[in-house]
1. Identify the residues of region 45-89 with backbone N under 13 Å of a label point that sits 7 angstrom from the Cα of residue 113 along the Cα-to-Cβ direction, or state none.
2. In nm, what is the difference between 0.36 nm times the number of residues separating residue 124 and residue 90 and their Cα-Cα distance?
3. Could you give the length gained by full extension between residue 188 and residue 167, i.e. 0.36 nm per residue of separation minus their alpha carbon distance, to one decimal place?
């Protein structure tokens, strides 16, 4: 009974933006495996590696493990945010290199086995890059848009996206995202965990919309 109760509690914390799965489904098992690192001495290295891998192929966002670690050690919330940001940006560089140097050989693997990566999305992101690469990467880095699609596409469409642009935009967007999580946990405490896990996608979208609105307002005032 105790095991069933814990499984039920864990199921209630799965973020709404993630694929829903039965307790024995692959996403649920991966989710439980990822969070299990928070209860070991290797939580920080696991956070770095998951943040790194999520930028090109890992399906679950590192925010989940970052939140779990920060709840257990609130004073290290900003440290965990920095670990997530550095790992994610470095992983984004690998994603760019995959798209730049190995996409012809690896594209079928990504299309078949990496959630969110489809030919249609890659082509669509290429059009976004042609219009404004910096803002497209910044949006993907901060919001729930699949970041891995954008890092790989940046390498595929390297004629529009230099590696420097990817690093700069990713450093801003990824840092803002992870430090937002840290700020919420540091300011409001563990009680905000459920809100972040359930509604973080909408929170980041709303904040990014406000950011864009602020830039438009400044532009209008300048005229």
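1. 57-59
2. Answer, rounded to one decimal: 9.8 nm.
3. The residue 188-residue 167 span can extend by a further 4.5 nm.
Each value in this text was obtained by applying a stated rule to the coordinates, not by laboratory testing. Note that this is a predicted model, so its numbers are computed, not measured. Don't worry about glycine lacking a Cβ; one is built from the backbone with ideal geometry, like all the others, and counts go over all protein chains shown.
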